1. How many residues does segment 159-175 contain that are assigned to a loop (DSSP other than H, G, I, E, B) and either touching a Pro at 6+ places or on another chain (Cβ under 9 Å) or acidic (Asp, Glu) (or both)?
2. When you scan segment 99-117, how many residues do you find that are closer than 14 Å to residue 80 by Cα, surrounded by fewer than 21 Cβ atoms within 10 Å (Cβ to Cβ) and of a type in the set (Lys, Arg)?
3. Looking at (1) surrounded by fewer than 15 Cβ atoms within 10 Å (Cβ to Cβ); (2) in contact with an Asp or Glu (Cβ under 7 Å, 6 or more places away or on another chain), find the lone condition where residue 156 falls short.
4. If residue 226 satisfies all but one of (1) surrounded by fewer than 14 Cβ atoms within 10 Å (Cβ to Cβ); (2) in a helix (DSSP H, G or I), what's the number of the condition it fails?
5. It is to be established whether one or more residues within segment 58-73 are surrounded by 21 or more Cβ atoms within 10 Å (Cβ to Cβ), among the small types (Gly, Ala, Ser) and over 30 Å from the mean Cα position of the chain (by Cα).
6. Which one of 116, 177 is without any contact (Cβ under 8 Å) to a residue 12 or more places away in the chain and of a type in the set (A, V, I, L, M)?
7. Working carefully through the options 195, 189, find the one that is in contact with a Gly (Cβ under 7 Å, 6 or more places away or on another chain) and in a helix (DSSP H, G or I).
Amino acid sequence: MSWKFGTSNTKPSPGGKRSEINELREALSDRNVDKDQKKKRELLQKVIGYTTMGVDTSKLFNVMVMSVNTNDIVQKKMIYQYLAHHAHQNPELAILAINTLTTNCRDESPLVRGLALRVLSSLRIPKVVEYLLPLIKEGLNDPSPYVRKTAVVSVVKLNRISPQTVQTNKFVERLYAMIRDKDIQVVTNCIMALNEILEDEGGIVVTKKMIYYLLNRLREFNEWHLCIVLDLLLKYTPSKEGNEVFDIMVINLLTLVSKLEIPQSSWQLLLSFYNMLTIWERNFTIKSILD
């Protein structure tokens, strides 16, 4: 049987939406379609297109769940996207997806592991916590930076569902430790995650040790990551004893002047520290820029 639909750019008319969705459900249930990967992708693209346009595609949930075991990564991404959007409306059927997602969180491919964890943590159903907890712990220790950064975001999502679980399992302490992760994306994700989780307490607690560590890695950050780190540095008040302000100022300058574009937060940081310097230190700082 051949299934034909309009182009993905064509929004179905109000009277035709229901029939279009019914045709999609019938097509996705056809075993012959599973043998044609190209056709299956086209059908899934249609589902995502309708969902994005606001068409009610929740009636397709059962057939989408049954398709989640595909080995095609393109199909898997679209199915995961759909499940994350509709799972809270179908908590009982979503349990079927949870079992598959849990298995995929331990897949050989880091891309599949990360995608599965991202979707699992986005399901927004109470029963997900018991499945999510061990997978987040594994994800934070995953050898792949993609999985680790996804696991960090998953801690934030878990905190929205069950803050007590995050506290009990000492995820906050784990995120503080992961600020020293070798991957920059993981580092910035940890900073943002801690700021959200600890929002009621004023956000992440900045320490001298943390600041100097981040300063020494400034060259590794791109402009977007740099803004996140510099906003954090603005929260830190250097000691007036010794040359801490001067040291921080010089480290920042040597790094930031080498970049073609300096974000606004950089200038705010530099000016705030510059005003704390002695006349000799200011002269040395200006000379460092000119040289």
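The values are calculated or read from the model by the stated rules, or taken from the named source; none is laboratory data. Model, not experiment: these values are computed from the prediction. Note that we place each Cβ from the backbone using ideal geometry, even for glycine, and neighbour counts take in every protein chain shown.
1. Step one: list which residues in segment 159-175 are assigned to a loop (DSSP other than H, G, I, E, B), which gives 162, 169-170.
Next, from what is left, pick out any that are either touching a Pro at 6+ places or on another chain (Cβ under 9 Å) or acidic (Asp, Glu) (or both): 162.
Within segment 159-175, residues that are assigned to a loop (DSSP other than H, G, I, E, B) and either touching a Pro at 6+ places or on another chain (Cβ under 9 Å) or acidic (Asp, Glu) (or both) number 1.
2. 0
3. (1)
4. So the condition that residue 226 fails would be (1).
5. no
6. On the way: 116 fails: without any contact (Cβ under 8 Å) to a residue 12 or more places away in the chain.
Just a single option satisfies the conditions, and that option is 177.
7. Details: 189 fails: in contact with a Gly (Cβ under 7 Å, 6 or more places away or on another chain).
Among 195, 189, only 195 is in contact with a Gly (Cβ under 7 Å, 6 or more places away or on another chain) and in a helix (DSSP H, G or I).
Conditions tested, residue by residue: (1) modelled with pLDDT of 95 or more; (2) of a type in the set (Val, Ile, Thr); (3) within 14 Å of the chain's Cα centre (by Cα).
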position: 95; (1), (2), (3): no, yes, no
position: 141; (1), (2), (3): yes, no, no
position: 145; (1), (2), (3): yes, no, yes
position: 151; (1), (2), (3): yes, no, yes
